[in-house]
Amino acid sequence: MKDHLDAERHTRGQTRYVDDDPPPSNMLHGVVVPSPVAHGRLIAVDTSRAKASPGVVAVLLAEHIPGENQIGPVIQDEPLLAEEELHFQGQPVALVLASTPEQARAAQGLVTLDFEELEPIVDPKVAFERGSLIAEPQRLSRGNVDEAWADCDEVVEGSCEIGGQEHVYLETQRARAYAEEGGVLRVCSSTQSPYAAQKAISKVLGRPFHEIEVDVRRLGGGFGGKEDQATAWACLAALGTQHTGRAVQLVLRRDEDMRWTGKRHPYRCEYRIGIRKDGKILAFDVRHYQNSGAATDLSLAVLGRTVFHSTASYGIPNVRIFAVCCRTHLPPMTAFRGFGGPQGMFVMESALTDAAEAVGLSRERVQEINLLAEGDRFPYGQVAEACHARRCWQQAMERFDVPRRRSEIDAWNRRNPRHKKGLAMMPVCFGISFTATFMNQASSLVHVYTDGSVSVSTGGVEMGQGLNTNIATVVSRALGIARSRLRVESTNTRRIANMSASAASATTLLNGNAALRAATSIRDRLLAEEAKRLEVDPDRLTLEDEIVHLDGRPTAKDWQSLVRDAYLARVSLSDHGFYATPKLYFDAEKGEGHPFAYHVYGTAVIEVSVDALLGTYDIEAVRIVHDLGRSLNPLVDLGQVEGGLAQGLGWMTLEDMRFDDQGRMLSGALATYKVPDVFFMPRDLEVEFLEGVPTEHGPFGSKAVGEPPLMYGIGAHFALRDALLAARPDGDWRYESPVTPEKALAFLCRPPSTEASPQLVPVEDATAQP
Amino acid sequence: MTNHRDLGTQSAIAPTQSGTRFLLNGRLVTALEPSGTLVLDFLRRRPDLVGTKEGCKEGDCGACVVLVGELHSDEGVRYRPVTSCLMPVDELHGKHLVTIEGLDLGQPSPVQEKIVEHGASQCGFCTPGIVVSLTSMALEAASGPASPGGNGAGSLYKTPGASRSMAQVERALSGHLCRCTGYRSLRQAGLEVLEALPSGLGDDPQSMDLWVKRGWLPAFFSTAAGRLASLRAELETASEADTDPAGETSRILAGGTDLYVQRGDQLPGTGLRVLGREPALRSLRLVGDRLEIGAQVTFEQLAESAEFRRLVPDVARFLHGIASLQVRHRATVAGNLINASPIGDVTVLMLALGAELRCRRFSDGADRERLLPLHKLYRGYKDLDLAPGEWVSHVLIDVSATESATVDFQKVSKRKCLDIATVNSACRIRVREGRIEALDLAVGGVAPIPLYLGQVSEAAVGRELDDACLHGILRATQETISPIDDVRGSADYKRALCRRLQIAHFLELFPDLFEPSSWLAPMAPGGNP
């Protein structure tokens, strides 16, 4: 049984999401009244007409919040309902509660807001110049950049503009709150972070944590978009229930979800890079201006990961990184698969491309020369250990015959004036662990029942990534029993307290290890009891295929009788497991430490074709060598690699998140914001796992897989650049993502840059700050 | 797509005040929902039918896809996948609605097995809709190659490099967004479904008994045809005649795939009139030298029609880029024209085909009609030359003018398939001995209305088809259009695209006459090459 634990029920339409459970008879439906403007001063809210509307039970405002009107997870700068200032378009102002969703919607338009519109900031550089920052800039350096410029043969500078990305989890944000005995609240939420929801609800309602139960069965996709941003909707449902004593459900419509909730952060970045003629990059100086939106959300942590991934897969001796969260009037930007890493890596790849061009070497050559090697030090001081960057690269080069593909593409391009092809290599190196060290902890609760069936709870949330499948695999292997005996329970704050969000690719690492520990303890107790009975050393006993083995040979004792005997002997059949990733630390003052348990490596080869007449393109093939460690479930892992890639390709090409200069979302529907479909994704998609590279950290040698593959998508930008430059060798390329067909055609039509491209900086002038 | 005008029409089987009667999986039901209520909402309100998911409610994601079966006298029941978020319950009258619950066999079907086996379901939210579409694909594939009016394969377009099976699978998955998988596993599952199709269907591909016996479908499929036939008889007796069609101020719905997106919340209960399903409105017929396309003919029917394919052999390729299969089963040609979007793809194609409209109006106790050239319908942005109460019953195409010409359609959108065009362009051209004998050009997305380039086309007639002639067409077009900046692109971009799409017509239709490299140069500011 290798398949996804939920898959059969999914295909039969039998899995239930928050709003699929039969509703309690008197349940109310909540609809939010949002701020219509990106920036304004709220003067008054008139709810009288809405309250008089049929079916409406209540219209709640900030003043109805009994506790603190505050849901910011890190910095307290995010009110649940707007009070005086309107910070972004879509910010919740009021909650309408009515008997049916239609009645609530009808009343939504009857709430009138009196406000004074103020000028919004939408551009992070403008925010930076005006001092609109979320926190002090983050800085990290290694070596001495200023001195290194002199050793470089060429120094180049440039800039990038990186677009955001909408999550488009197929299930929009939703929550349902139930009132239980004694006013205790039970909240079913589509959240990646039940504990974050519990904390925020508790604060908003002024109740202790233990009176708030948050339960998550599964998510219809999260991708980071429900790590922090599910909290507001859970809080609003809970507020409605506390206020009315009735169950309240709140389900965002797709357009609401797209317009109101945060996305992947757009960035503007500037860089200066120095390279020797032989292709060795000596120095890299980069400034990241993150468009954080209107509230902190997780932006500081996202920025931290940008800093850590600023040198991508390369070993660069002299690095200086400046990064800052700029507060604007867009919805608060949030976690999205990759969590700031992709933006950092995009800039590095852009700079490297310029540097290669400056010394007349191919991009691939310079990539290869500078790839991380065992023992290299990252800018944050950690040493690259078990570093497979070069191995993945070599394997991709050989297995996918890159040199031959390159010459075939060159030949094609010589023959075809209108249709051009391009290729790019994209190495990925991604650090595994929450960058906030304290979050790297997890617990589990395992019960073995006397019939031999097993219940497993962890703090991890199933959102399609296959966590439950992995947990079941880990526990069934540890106990030596069939997976069918296990049930992986919903994620519930009553069974597991204080869990970290399911994020950072680390959910299986953390929760799998916690489950492994609980299961192992139970198994050891069971075998110890059996050893006593057999009068042998417990070390000689193992459990395999549901049979106790002595010295590797089966005994007559099966799982069920083992469990029954242990119960009668009063041995505990339950255990709580706890895991905290060892060795992690990071000293932010010194900019030095060991923030990641390990790194995941891989290399993708991406081929594209473009129509030089129309500016349209196809991604023709993606071939990947990926380092998974020893996979727990190859089918699950393959799904993660392919799905991550699809999102990365989408982010780089057609996913065009657009706001106007008033901070209004222009791409707030699936009709205007396109994500990859079956025709977009290449048929030619090949993933090869690196063999024989287990890690000591993950359960059974497995490695994290959720986020790293997304960054293979970055290669699409450079493959498109390659193809478009074949059509227009004198073209003026700009490192702007996404490369929509409009941008591609603009490149084809734009007059050649009047300045040399890339922009060379005289080496003697390079010591000045960019 | 919609027909905004007030009208009434005789309905063979119209929902009566006693509700909408249809087969819901294995049960005969009567829905008393207000007129215009979406099938998706109808399902989601019933706790035993929540397997159908709402992903976007605008036909863009496919999470809500269901099967709708209709009785066809010659072939039993034909099932089509449709997005339930864009279909009013009224339209189910006399039909068979099958949801994911209705496909359940108590154990996984071969379609479900393949999805599980390939890990093609992750978060699961898109999965029920995909199971429905792949099941529909299996039914359709087993019925063999397209026959006139046949089982759908007529619209099959094989993108370069695709096997027939791959094209079938991609067509089935076309309207589905999956944010988890990257589609490779879904493609693989689909291919293996095709390999596993039950054998022995023989001459009777629609034999539901065999599908049931082989464990693909539940037993109620065997009796559906008989039950629908009895239902039809029952409803025909009960049907109320529409005696006062012009009196109401109701909106006419012919498909509704855009109207529901624009105004989904407001429609239910507003006296919406779902256009009747009388045979004349549902069929394409050759009458003399004209092809008559009834107001209810869907995009997919257009692609399947042998008559239309004879006129426009590449229609399947054009439609491939226009809408998903599930939407093509709902969107109508007439609705697209009446919706008057400046960027309507089928509209631009129909303009180049010189389509005419048969407009009908019930006045002074009589049904009056007139013919209106399509390009005269558009007076300004969404402003139509139709009198109150007047409606379009047919779209007419001149057969000989099209037969003797070649037709091309081009569009560019952010995503290649199933996205609204930034600019689209269509061309019908007849060339003899190097000279243009007839030309009809149309473009969309560059003016408040879909634009028929009458003067530009006329000026080129009689000229030798060469570089100078094409330059003249491009220049004249640029002088005619007036694009604006919006989320689909800047005005400059649309201008450049319009020019390049027109070039593309000629490069593709006349590869011997035009050298691509001389047409790739950027356009200078001001619109001239």
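Filter the stretch A:383-426 down to residues that are outside any helix (DSSP H, G or I) and open to solvent by 70 Å² or more (accessible area, probe 1.4 Å) and give me whichever is nearest to A:Ser702 (Cα to Cα).
Here the answer is A:Glu385.
Determine if the stretch A:502-512 includes at least one residue that is of a type in the set (Val, Ile, Thr), in contact (Cβ under 8 Å) with a residue 40 or more places away in the chain, closer than 28 Å to A:Gly338 by Cα and in contact with a Phe, Trp or Tyr (Cβ under 8 Å, 6 or more places away or on another chain).
We begin by selecting, within the stretch A:502-512, every residue of a type in the set (Val, Ile, Thr); these are A:507-508.
From the residues that got through so far, the ones that are in contact (Cβ under 8 Å) with a residue 40 or more places away in the chain too are A:507-508.
When the remaining residues are screened for being closer than 28 Å to A:Gly338 by Cα, the result is A:507-508.
Next, only the ones that are in contact with a Phe, Trp or Tyr (Cβ under 8 Å, 6 or more places away or on another chain) stay: none.
No, the conditions are met nowhere in the stretch A:502-512.
Table: residues versus (1) free of Cβ contacts under 8 Å to residues at least 12 places away in the same chain; (2) on the phi > 0 side of the Ramachandran plot; (3) among the aliphatic types (A, V, I, L, M).
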| position | (1), (2), (3) |
| --- | --- |
| A:Pro36 | no, no, no |
| A:Ser53 | no, no, no |
| A:Glu63 | yes, no, no |
| A:Ile71 | no, no, yes |
| A:Glu85 | no, no, no |
| A:Val93 | no, no, yes |
| A:Gln103 | no, no, no |
| A:Gly109 | yes, no, no |
| A:Thr112 | no, no, no |
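Take A:Arg664 and tell me if it is among the basic types (Lys, Arg) and at the interface with another protein chain (Cβ under 9 Å from one of its Cβ atoms).
The answer is no for A:Arg664.
A:Ala519 fails exactly one of the following numbered conditions: (1) over 29 Å from A:Glu171 (Cα atoms); (2) in contact with a Gly (Cβ under 9 Å, 6 or more places away or on another chain); (3) open to solvent by 10 Å² or more (accessible area, probe 1.4 Å). What is the number of that condition?
A:Ala519 satisfies every listed condition except (3).
Can you tell me which of (1) in a loop (DSSP other than H, G, I, E, B); (2) buried (at least 20 other Cβ atoms within 10 Å of the Cβ); (3) at pLDDT below 95 is the one B:Pro342 doesn't meet?
Exception for B:Pro342: condition (3).
How many of the residues making up the stretch A:356-375 are more than 24 Å from A:Gly648 (Cα to Cα) and touching a strand residue (DSSP E or B) at 6+ places or on another chain (Cβ under 7 Å)?
3
Assuming A:Val705 fulfils every condition listed in (1) modelled with pLDDT of 95 or more; (2) over 28 Å from A:His599 (Cβ atoms); (3) of a type outside the set (Phe, Trp, Tyr); (4) touching a strand residue (DSSP E or B) at 6+ places or on another chain (Cβ under 8 Å) apart from one, which condition is it?
Looking at each condition in turn, A:Val705 falls short on (2).
Residue by residue, here is whether (1) at pLDDT 95 or above; (2) outside any loop (DSSP other than H, G, I, E, B); (3) more than 30 Å from A:Asn498 (Cα to Cα) holds:
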site	(1), (2), (3)
A:Glu8	yes, yes, yes
A:Val31	yes, yes, no
A:Arg41	yes, yes, yes
A:Ala44	yes, yes, yes
A:Pro54	yes, no, yes
A:Leu95	yes, yes, no
A:Gln103	yes, yes, yes
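Can you go through B:Val50, B:Val29, B:Val39 and tell me which one is open to solvent by less than 20 Å² (accessible area, probe 1.4 Å) and more than 14 Å from every other protein chain (Cβ to nearest Cβ)?
Result: B:Val39 is the single residue among B:Val50, B:Val29, B:Val39 that is open to solvent by less than 20 Å² (accessible area, probe 1.4 Å) and more than 14 Å from every other protein chain (Cβ to nearest Cβ).
List the residue pairs whose Cβ atoms are under 8 Å apart, where the first residue sits in the stretch A:569-581 and is farther than 30 Å from A:His599 by Cα and in a loop (DSSP other than H, G, I, E, B), the second is open to solvent by 30 Å² or more (accessible area, probe 1.4 Å) and among the aromatic types (Phe, Trp, Tyr), and the two are 6 or more positions apart or on different chains.
A:Leu573/A:Tyr449; A:Leu573/A:Tyr567
Are there any pairs with C-beta distances below 6 angstrom linking a residue in the stretch A:449-474 that is within 14 Å of chain B (Cβ to nearest Cβ) to a residue that is open to solvent by 10 Å² or more (accessible area, probe 1.4 Å) and in a strand (DSSP E or B), with the two at least 6 apart or on different chains, and if so which?
A:Asn468/A:Val488
Rundown of residues vs (1) open to solvent by 10 Å² or more (accessible area, probe 1.4 Å); (2) touching a Leu at 6+ places or on another chain (Cβ under 7 Å); (3) touching a residue at least 60 places away in the same chain (Cβ under 8 Å); (4) under 25 Å from B:Arg317 (Cα atoms), yes/no style:
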{"position": "B:Gly389", "(1), (2), (3), (4)": "yes, yes, yes, no"}
{"position": "B:Ala401", "(1), (2), (3), (4)": "yes, no, no, yes"}
{"position": "B:Ala405", "(1), (2), (3), (4)": "yes, no, no, yes"}
{"position": "B:Val412", "(1), (2), (3), (4)": "no, yes, yes, yes"}
{"position": "B:Ile420", "(1), (2), (3), (4)": "yes, no, yes, yes"}
{"position": "B:Arg428", "(1), (2), (3), (4)": "yes, yes, yes, yes"}
{"position": "B:Arg432", "(1), (2), (3), (4)": "yes, no, no, no"}
{"position": "B:Val443", "(1), (2), (3), (4)": "no, yes, yes, yes"}
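Of the conditions (1) in contact (Cβ under 8 Å) with a residue 60 or more places away in the chain; (2) open to solvent by 10 Å² or more (accessible area, probe 1.4 Å); (3) away from chain A (no Cβ under 11 Å), B:Leu86 satisfies every one except a single condition; which number is it?
If we test B:Leu86 against (1) in contact (Cβ under 8 Å) with a residue 60 or more places away in the chain; (2) open to solvent by 10 Å² or more (accessible area, probe 1.4 Å); (3) away from chain A (no Cβ under 11 Å), just (2) comes out false.
Which one is farthest from A:Arg750 (Cα to Cα), of the residues in the stretch A:668-726 that are among the β-branched types (Val, Ile, Thr), open to solvent by less than 20 Å² (accessible area, probe 1.4 Å) and within 14 Å of another protein chain (Cβ to nearest Cβ)?
Per the criteria, the residue is A:Val705.
Among the listed residues B:Lys382, B:Lys376, identify the single one that is free of Cβ contacts under 8 Å to residues at least 60 places away in the same chain and either under 27 Å from B:His176 (Cα atoms) or out of contact with any Asp or Glu (no Cβ under 8 Å at 6 or more places or on another chain) (or both).
B:Lys382 is the lone residue from the list that is free of Cβ contacts under 8 Å to residues at least 60 places away in the same chain and either under 27 Å from B:His176 (Cα atoms) or out of contact with any Asp or Glu (no Cβ under 8 Å at 6 or more places or on another chain) (or both).
The values are calculated or read from the model by the stated rules, or taken from the named source; none is laboratory data. What you are looking at is a predicted structure, and each value in this text was computed from that prediction instead of being measured. Note that we place each Cβ from the backbone using ideal geometry, even for glycine, and neighbour counts take in every protein chain shown. Keep in mind that these areas ignore ligands, DNA and RNA; they rest on the heavy atoms of the full protein, side chains included. Shrake-Rupley method; radii C 1.70, N 1.55, O 1.52, S 1.80 Å.
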